[in-house]
1. Give the accessible surface of the chain per residue, rounded to a whole number of Å², with probe radius 1.4 Å and ligands, DNA and RNA excluded.
2. Roughly speaking, what is the centre-to-centre gap between segment 288-348 and segment 391-469 when only Cα atoms are used, to the nearest Å?
3. Which value does Rg/Rh take for segment 243-341 over its C-alpha atoms, Rh per Kirkwood?
4. Need one number: nm distance between label points at residue 264 and residue 30, each 7 Å from Cα along Cα→Cβ, rounded to one decimal.
5. Note down, for the chain, the three equivalent ellipsoid semi-axes (square root of 5 times each alpha carbon gyration tensor eigenvalue), biggest first, whole angstrom.
6. Between residue 286 and residue 88, what is the FRET efficiency for a Förster distance of 51 Å, r being their Cβ-Cβ separation, to the nearest 0.05?
7. Ignoring everything except DSSP H segments at least 4 long, calculate the 222 nm mean residue ellipticity for the chain; use -39,500 (n - 2.57) per segment, divide by total residues, nearest 500.
8. According to a simple spin-label model (label point 7 Å from Cα along Cα-to-Cβ), what is the distance in nm between residue 321 and residue 245?
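The values are calculated or read from the model by the stated rules, or taken from the named source; none is laboratory data. Since the model is a prediction, treat every value here as computed from it, not as a measurement. Because the Cβ atoms are built from the backbone with ideal geometry, glycine has one as well, and the counts that use them run over all protein chains shown. Note: areas computed on protein heavy atoms with side chains; ligands, DNA, RNA excluded. Shrake-Rupley method; radii C 1.70, N 1.55, O 1.52, S 1.80 Å.
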Amino acid sequence: MVQAEKEAAMTLPDGWDSEELARAELLVDRMYAGADARIVACRAPGRVNLIGEHTDYSGLPVLPVAIDRSTIVVAAANTTGEMEVSNADPAWPSRRFAIERQIPPYATGDWANYVKAAIQGVIDRFSARANLRGASMIVDGRVPPASGLSSSSALTVSTAIAFMAVNQLELDPLAAATMVARSEWYVGTRGGGMDQAVSILGRRDHALFIEFDPLRVRAIKMPAKAALIVADSRQVADKSGAVRAEYNRRVVECALAARILGRALKLDGVKILGDVIRALPEWNAADLVGQLAASSPACLGADLKEAANILDVTQSEFDAELLGQGSIRSALDSNRPLEVLKRARHVLGETERVIRAADALEAGRLDEMGTLMNASHQSLADDFECSTERLDALVECARRGGALGARLTGAGFGGSIVALCDAASADSVIESIDRGYYAKQYPGAAPKSWRAVLHAGAGASVIDISANA
Ligand code: NG1
């Protein structure tokens, strides 16, 4: 069948256009002989976060969009009972591993740890079901890696969903998002659930206001007059090295702030800042920050001794609870104090901004949305200390070119920025970025693939491709 006939013959879930289908079919052609007849293909998108940065692991809201760049995994059950995984990009070597109760990870930084994370997540979730079938898989990732667009979650989500399909396991999308969010801890990053949730639940032309504990989403239509520009600083935010340590450090700092606030406010069972906010019928960031400042020094020693004293708990128990144990333990550089006050000021202020931004976007008040994005960047730079000179420079260029707002997106420490502008100004924003940033950083280079106007796309879905190949 020719492509158009094939598409007409099958009802494709949203997100599968002829290009995605053609990518999947190319992978099917490469499936090794012996794979059984049923072949599934899952596509899962990356994301760009509009606002709500470093709030998800405190259980506080975020406002991302799924983007129209995806990872596709084609999979079929095999007869070896093992996972046999290859990548369309030869830079990522093929891997093979046994499906066991606790899958041991590869060395830190190995791409296939995200595959293992997904499989382990499914094993943990369905532990009552013995005999999961092994699968052959081929991965084709088109979300640029290490650029803050969550290529990692696109890989984890597509692998988990493809593996579930091969094993005929089903979960509703909210439960699947919750499962995959936790699975990614396997690689050693104590992330929140934003990336996996939007990759699974994303909706074409919509941003998602996502709340946690329990996970729930409100889709907000992107105003037709709005354009989103994403530009990669090309400063690599390597999540397997120093950046991971910085990220996990912030998770600990936020958890400390939460517990100190919980104690000061006499709230039971507080572990994250979201617990504090959920326990208060009315709250505002300024008051909570004032309360925290009155209850604790702004910084605390990294050995957690001072913090344990304030909280009246034993240092060793507290250490194990906060930093984790074994392979998921976070290492803290003990030469620097933990910045409790600044981090909380960012997270609480950012939460107020996300809530306002969701309303502003829904009502089409783009100027207000832009102002909130600018304030978010400032707070990430000053209080969360996860911006860089290069990200700041990119943000400046976007604003100079007419963006209503611009900010780093994702974890920071490198990676990308997102800018919001009127659709009519998109060219001038891009030109300003090209001239003011790329031409200076990379004289003579062609920046075309480093920045783009991105569209909000659909979330992940799986199709049975063997019937159509
Ligand atoms: P990146 O590094 O941009 O994929 C990370 C976390 C998110 C969130 C953001 C900061 C993972 C998989 N992702 O995103 O959950 O915490 O940082 O807002 O850990």
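1. Details: 19080 Å² over 469 residues.
Normalised by residue count, the accessible surface of the chain is 41 Å².
2. 35 Å
3. Values: Rg = 13.2 Å, Rh = 13.8 Å.
Result for segment 243-341 is an Rg/Rh of 0.96.
4. Distance between the two pseudo-spin positions: 5.4 nm.
5. Computed over the chain, the values are 36, 29, 20 Å.
6. Efficiency, rounded to the nearest 0.05: 0.50.
7. Helix contribution divided over all residues of the chain: -12500 deg cm²/dmol.
8. 2.7 nm
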